[in-house]
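Before any comments, here is the structure.
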C-alpha cells in the first residue's frame, strides 16, 4: 500500500530539512524560506522576503550572484552557483546554491525553488591546496641550475658564473676564502705527489 504524506508532513519535511530551501515567484522576488535558512541567517521571514535575503550576500560576490540568478531566471534554466552568505554570528560562509524552475499542474511557470548547503570546508580545502601548489611552483622556479663538475651557476642571462659571484650579486653576502680540513688534506697529498714526481 502506498504511504502518502499529508500536507502537514510535507511541510515538516521541508521546514526541518538539513538543507536551506528558498522559493521565488515569477517576479524574481523570494516569497519563502524554510526554518533551516532562517536559523542559519538569524533573520526573520519578513527580513528575507523579496530581495531582503541579498543583504546577507558578501559584497564581493553580490554582482556575479545577481547576474547568474537573473540570467537563468529569464531563460528559465537550472543554475548552480557558489557565494558567501552571512551567518547569524556575522561570519561569511560559502554556500552552494542550486535553483530549479517549477510549474503548476497546468504547466504554467511559477518561479524557482532553490536548495543551499554550506560548503565552506571544501572551498577552504581547495584554496589551501591551491596555495600549496603555488608555493611548490615558486620553490621549483627558485631551483638554480648548477654545473655538476665546476659548480658554476647559470644566471638569468644564460651565462655561467662562479657560485661566489652569483650569490654576491643576488644578496648582501660577502665571502672570505679559506680551506676545509678535507680539502687541505687532499691538497697536501697532491703537493706531495707533485714533489715526488718532480724529484724534489
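Tabulated data for the structure shown
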read-out: Extended-chain gain in nm, criterion 0.36 nm per residue less alpha-carbon gap, residue 128 and residue 74; value: 15.8 nm
read-out: Calculated P(r) tail over 19 Å for the range 144-198, as whole % of Cα pairs; value: 51 percent
read-out: FRET E, pair residue 119, residue 13, Förster distance 22 Å, beta-carbon r, rounded to 0.05; value: 0.45
read-out: Label point distance in nm, residue 102-residue 4, each placed 7 Å from Cα along Cα→Cβ; value: 1.9 nm
read-out: Over the range 57-134 - Rg/Rh using Cα atoms and the Kirkwood inverse-distance radius; value: 1.09
read-out: Label point distance in nm, residue 39-residue 178, each placed 7 Å from Cα along Cα→Cβ; value: 7.0 nm
read-out: Largest to smallest principal axis extent of the C-alpha atoms in the range 7-125, angstrom; value: 44, 34, 27
read-out: Expected 222 nm ellipticity per residue - DSSP helices of 4 or more, -39500 (n - 2.57), all of the chain, to 500; value: -13000 deg cm²/dmol
read-out: Label selected from (1) 26.9, 93; (2) 34.2, 114; (3) 27.1, 83, the criterion being Rg and Dmax of the Cα atoms in Å as computed here; value: (2)
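Every read-out reported here was derived from the displayed coordinates using simple, explicitly stated rules and does not represent laboratory data. All figures in this text were calculated on a predicted structure; none of them were measured in a lab. Cβ atoms come from the backbone with ideal geometry, glycine included; neighbour counts cover every protein chain shown.
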